[in-house]
2 protein chains.
Amino acid sequence: MKRATSPPELLISLTPDADVPLRLQVERGLRQAIRSGRLPAGALLPSTRVLATDLGISRGVVLSAYDQLLAEGYLVAERGSATRVAERCAECAADSVPEVRTTATYQYDFRPGVPDMSLFPRNAWLNAMRRTLSVEPAGIFDYPDVRGIEAARASVAAYLNRARAAETRSDRIVLCNGFAQGIRLVSHVLRERGIKAIAVEDPIDADQDTYLNAEGLQQIRVPVDEDGLRVDLLSRTDARAVMVTPAHQYPTGAVLSPSRRTALLEWAVQRRAIIIEDDYDAEYRYDREPIGSLQGRAPDYVAYIGTASKMLSPALRLGWLALPAQLVDEVARVKFTADRGSPALDQLALADFLDRGELDKHLRKTRQIYRSRRDELVTALREHAPELRVRGVAAGLHLLVEFPHVVDEQRIVEAAAKHSIRVVASRSFRTERKDQPKALVLGYGRIDESKIEEGIHRLSRIISV
Amino acid sequence: MKRATSPPELLISLTPDADVPLRLQVERGLRQAIRSGRLPAGALLPSTRVLATDLGISRGVVLSAYDQLLAEGYLVAERGSATRVAERCAECAADSVPEVRTTATYQYDFRPGVPDMSLFPRNAWLNAMRRTLSVEPAGIFDYPDVRGIEAARASVAAYLNRARAAETRSDRIVLCNGFAQGIRLVSHVLRERGIKAIAVEDPIDADQDTYLNAEGLQQIRVPVDEDGLRVDLLSRTDARAVMVTPAHQYPTGAVLSPSRRTALLEWAVQRRAIIIEDDYDAEYRYDREPIGSLQGRAPDYVAYIGTASKMLSPALRLGWLALPAQLVDEVARVKFTADRGSPALDQLALADFLDRGELDKHLRKTRQIYRSRRDELVTALREHAPELRVRGVAAGLHLLVEFPHVVDEQRIVEAAAKHSIRVVASRSFRTERKDQPKALVLGYGRIDESKIEEGIHRLSRIISV
C-alpha cells in the first residue's frame, strides 16, 4: 500500500508493513524532499494534522518527525505553529558516476613485493582471533597502550630474538601499521632531533622514497653492489642516519656481506648514528637459514623494522619496531599523535599466532613453495634468456634480471602487459646512478609454479624483439 | 645431559633432547657469548674440529653454526682457517628494570570517553571475522585500497546514510585508524591547501588540541554555550575551517541547536570553508532518537569523522571519514604515505557487522543500559549535590557538573582518587575562557549502575569539605 500527500512536492512513500517505523519513513521522506530541492528553502510545510490525515497515519508520528527535523536544522518553526524549510546551504553532491578502479589480472604475474595470498593461513588466524576474544579480559577493549599491548610486544620480542637473532624485549618494541608507519615514526623522531638527511641505498624502492620525503628527510644515495651497501662510500658522507635492507635488498636482491655489516656498525658507533634496519623479506632464505638481524649486534644503534606483510599478508598492516632504548619514548609519543595506537585484537591474535608456533609452521610450508618457484624461475631464465644476468636469488620473493645492453625497459613492461605478463621495471625504484644496468624485477610471490616457465618463455620473446 | 667446552669462556649448554636443533643451540650459545663479552672482539675461536669434540657433536654442526655467524658478521674468518670474533661495536642494552605502568583501578570510576568494555559483543564480532575469513576471495590479503576496501566503504556509507542522516557513498569514504588519524589526515590536507588556522570549540578536549598542533594548525578558540558553538563569534574570525561536535560537545555536553546548525552551514558556504564534524558519541541519545549529522545537509562542505570507539570499543581503532568530493583524493594520498591503508580484515568484519544489523542490535541494548545509568547519576546528583549545575544530559556517555563558586577542581580530583573515585577536572581540556565555570566531567560508560549513587554520595562529601 502506498499513499501520497498533497501538495505534490511533499510526495512521501510509506510502506506500512516494512521494518522501518513510520516515523522514520516520514522523516526520511521529508529529508529527501528537502535535499533534492523538491521542498525548497522557505517552503511552508503542511500542519501536522493535515499531513497526518493525508498520509493516513497518526498526528503523533508526524509531530515526532517534524521535531526531529527541527532538531537537525532541516526545518524551522516560527512563533505560533507554522513550520518551514530552513535555509539550505549547499547542494547535495551530484550523483556522478563512481570511478571504477579495476585491478588488471595477469596470466603471468611476476609482481614483486607480495606473498601468495592464497596461502594465507585463514583457519589458524581465525583460531588465534577466537582465543583472543574468548580468553582476554574486558580491559583489552580499552584504548591500547600506544606502544602495543604488553603481551603482544613480549611475543614479538621473543620471536625476534629467536628467529631473527635480535636482542630486544617488550619495552623496546612499538607495534605499528606495517612498514610504512614504522619508517614514518622513526623518521619523524630523527627529524625532531635535528637530523635533516638520511643515507639510503641506491637503488631504492619508490615507496620508501615517498615516506622519507613525507617527513622532510633529505636522502643521500649510497650505491649498492652485490655485497650490499657500499659502507666505504657511506663513510664519506656526513649522514648521521642510514636506512638499509641487510637481509635482501630491494630491488637488487643483494645480501649485506659480513665485513660490510661490521663496517656499518663501526660507522654507526663512531658517528653516533642510527641505523634503520628494514628487515625486508628476511624470513625467506632458501639455501641456508635466514641471516640474523643487524639489530642483534648493536641494539643501541639499530632501529629495526619488521612486518607481517611478506610472511603473512600486507592486508593485516601489522608491523613492529625494535628500538634503541633512547628512541622508545619519543617514537611512542609520535605514535600517539598519529593514531593513538594500533588495533588491539590484531596484536593479540598475532601474539597467539607467534606463541603457538603457527608462524614457524607457516614459514616452513611457504619457504618450500617459494624455493621451488625460485628454482623454476632461475631454470627458466637460464634456458630462455641466458643473456640476462640473474641477481639476488639467495633470498626473498623476487630476483633481478639485468640486461647486458641498454634497453627501453618501460617498452618491455608495456609489451609484456599486452601479453598478460606483469613485470616491473627499474622505473619503479629511484636511482641516481648512471652505471645502474637496465633491469627487471621478477617477483615469484604470486605466480603459480606451473606458469613460470611459459611466462618466462613468452617474456624472452618480447625482450629479444 | 649438559656438556661444557674448554676454553671456559666458550661455555655452551646443549640439551640434546630439546626441540631446538643442535646447530641452532651452538649458534645461540656463541652469539650469547659474544654479546655478553665473554668472547671479546678479536678472540680466536677453537677450530670446528676441537669444538665439535668438546661438545660431543658432529663437526658438520659446528661448521654450519660458524658459517651462520660469519654471514651475520659476528665472526670473521682469516685467510687459512682461523676464525675470530669480529669487532664488536656496541654493548647490548643493559638489563634495566622494565618500567611498570599500572593502571590504577577505582571503585567508583566516572572516567569519561570510554564505553563499557564488558559489553563488547565478542561473539558477534568473532562471527563477523569468521564469515570474512571464510567467504572473501584471496585478493583481500593483498595491500588494501588505501581508502578502505570498497565493500566496507559501501557498508559504512549505507550505515551513515541510514543511521546518521548522512548523504554519502562509498567513493566519498576513507577508512582510518580511529578519530585521531581521521583528524590528522583532514588537517594535513587543509594545511597543504594553505589553511593555517582552524576554529575550534572552547573548551576542547586536550587530545584534539594535540592532533591539531601536530599538523601545525593554529587554533582559534570560539566559545561554546548551551546551544553549542557560538557561530556569531565564529563569523567574526577569519577562519576558513572549523571543527565542531554538533551531536554532543565534549566536555560541556551541549547539542548544537537548529538555528546554529543553519547559521554554521551558511557561514561555510559564504566563506567557502570546511566544517570538520566530529560526530562524538552521537549514537547515544536517550530521550529521543539521535540527531542527524550536519554532513547530510551539506556534503560538499562537511568532512565527517565517525568511529567505532564509543559504540563498540576504542581498541578496534576503526574510524571513517565521509568527505566532500574535492577532498577525497588528497586525503587518500596522505593516508597512503601515513600507513598505506588500514587493516583489511577489521574493515570487512565491520562491514559484516553493520550489514547484519549487529550494530543496531548492540546500540539498542547499550542505549538502555547507559540511559538507566544516566538517570541514576542525575538522580544521585540531585539528591546528594543539589548545588551543582548538571549539563549535557541529553546524550553521550558523560555529563558535566558545574560548581556555583570557584573551587580548586584539581584538589577535588585528587581527594576523590584517595577515596577510589575517579572523576576528571576541566584541566583535562583546554580553554581560554575566564568565565568558564569550574566543573567536573562525570562519565558513566564504565561504572556499574549499582555503584553510582554511593559514588556520588561519597564525592559530595569531598566536594563539600
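The values are calculated or read from the model by the stated rules, or taken from the named source; none is laboratory data. In this text the structure is predicted, and so the values were computed from the model without any measurement. Here the Cβ is made from the backbone with ideal geometry for all residues, glycine too, and neighbour counts use every protein chain on show. When the accessible area is computed, the model is the full protein with side chains, heavy atoms only, and any ligands, DNA or RNA have been set aside. Shrake-Rupley method; radii C 1.70, N 1.55, O 1.52, S 1.80 Å.
Looking at this structure, is A:A82 more than 53 Å from the chain's Cα centre (by Cα) and open to solvent by 10 Å² or more (accessible area, probe 1.4 Å)? Quick ask: steps written out before the conclusion?
Details: more than 53 Å from the chain's Cα centre (by Cα): yes; open to solvent by 10 Å² or more (accessible area, probe 1.4 Å): yes.
Yes: the conditions hold for A:A82.
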The lone exception for A:R147 - which of (1) farther than 30 Å from B:S134 by Cβ; (2) open to solvent by 20 Å² or more (accessible area, probe 1.4 Å); (3) within 22 Å of the chain's Cα centre (by Cα) it fails: (2)
Residue within the stretch B:57-64 that is touching a residue at least 24 places away in the same chain (Cβ under 8 Å) and of a type in the set (S, T, Y) present: yes
Per-region count, the stretch A:205-227, residues away from chain B (no Cβ under 12 Å), within 23 Å of the chain's Cα centre (by Cα) and open to solvent by less than 10 Å² (accessible area, probe 1.4 Å): 1
Hits in the stretch A:62-85 (condition: out of contact with any Gly (no Cβ under 6 Å at 6 or more places or on another chain), of a type outside the set (F, W, Y) and at the interface with chain B (Cβ under 9 Å from one of its Cβ atoms)): A:S64, A:D67, A:Q68, A:L69, A:L70, A:A71, A:G73, A:L75, A:V76, A:A77
Index of the failed condition, B:E201 passing every other in (1) more than 29 Å from A:L69 (Cβ to Cβ); (2) in a strand (DSSP E or B): (1)
Near pairs, Cβ below 7 angstrom, 6+ apart or cross-chain, from the stretch A:166-189 (more than 8 Å from chain B (Cβ to nearest Cβ)) to any residue that is basic (K, R) and crowded, with 24+ Cβ neighbours inside 10 Å: A:I173/A:R147; A:I173/A:R153; A:V174/A:R147; A:V174/A:K335; A:L175/A:R147; A:L175/A:R153; A:L185/A:K335
Failed item, numbered, when A:A351 is tested on (1) hydrophobic (A, V, I, L, M, F, W, C); (2) within 21 Å of A:T252 (Cα to Cα); (3) touching a Lys or Arg at 6+ places or on another chain (Cβ under 9 Å): (2)
Answer from A:R446, A:R411, A:R433, A:R374 - the residue that is in a helix (DSSP H, G or I) and open to solvent by 50 Å² or more (accessible area, probe 1.4 Å): A:R411
Top-ranked residue in the stretch B:107-142 [being in contact (Cβ under 8 Å) with a residue 12 or more places away in the chain and open to solvent by 60 Å² or more (accessible area, probe 1.4 Å); ranked as nearest to the other protein chains (Cβ to nearest Cβ)]: B:R131
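Of the residues that sit in the stretch A:292-317 and are in a loop (DSSP other than H, G, I, E, B) and open to solvent by 10 Å² or more (accessible area, probe 1.4 Å), which one is nearest to B:V146 (Cα to Cα)?
Initially, the stretch A:292-317 is screened for residues in a loop (DSSP other than H, G, I, E, B), giving A:292-294, A:298-301, A:308-313, A:317.
Okay, now just the ones that are also open to solvent by 10 Å² or more (accessible area, probe 1.4 Å), so A:300-301, A:310.
On the way: A:D300: 34, A:Y301: 33, A:K310: 18 Å.
For the stretch A:292-317, the residue satisfying everything is A:K310.
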Extreme residue, farthest from the other protein chains (Cβ to nearest Cβ), among residues of the stretch A:335-349 that are touching a Phe, Trp or Tyr at 6+ places or on another chain (Cβ under 9 Å) and more than 24 Å from A:H188 (Cβ to Cβ): A:A349
Index of the failed condition, A:D145 passing every other in (1) in a loop (DSSP other than H, G, I, E, B); (2) under 23 Å from A:K335 (Cβ atoms); (3) more than 8 Å from chain B (Cβ to nearest Cβ): (3)
Test set (1) under 14 Å from the mean Cα position of the chain (by Cα); (2) more than 8 Å from chain A (Cβ to nearest Cβ) - B:V331 fails condition number: (1)
Unmet requirement for B:R271, which otherwise passes all of (1) within 11 Å of chain A (Cβ to nearest Cβ); (2) more than 26 Å from the chain's Cα centre (by Cα): (1)
Within the stretch A:377-401, tally of residues that are closer than 19 Å to A:R111 by Cβ, of a type outside the set (A, V, I, L, M) and open to solvent by 10 Å² or more (accessible area, probe 1.4 Å): 2
Subset of the stretch B:17-52 [under 16 Å from B:V76 (Cα atoms) and either assigned to a helix (DSSP H, G or I) or of a type in the set (D, E) (or both)]: B:E27, B:L30, B:R31, B:A33, B:I34, B:R35, B:T48
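Any residue at all in the stretch B:176-185 that is crowded, with 19+ Cβ neighbours inside 10 Å and in a strand (DSSP E or B)?
yes
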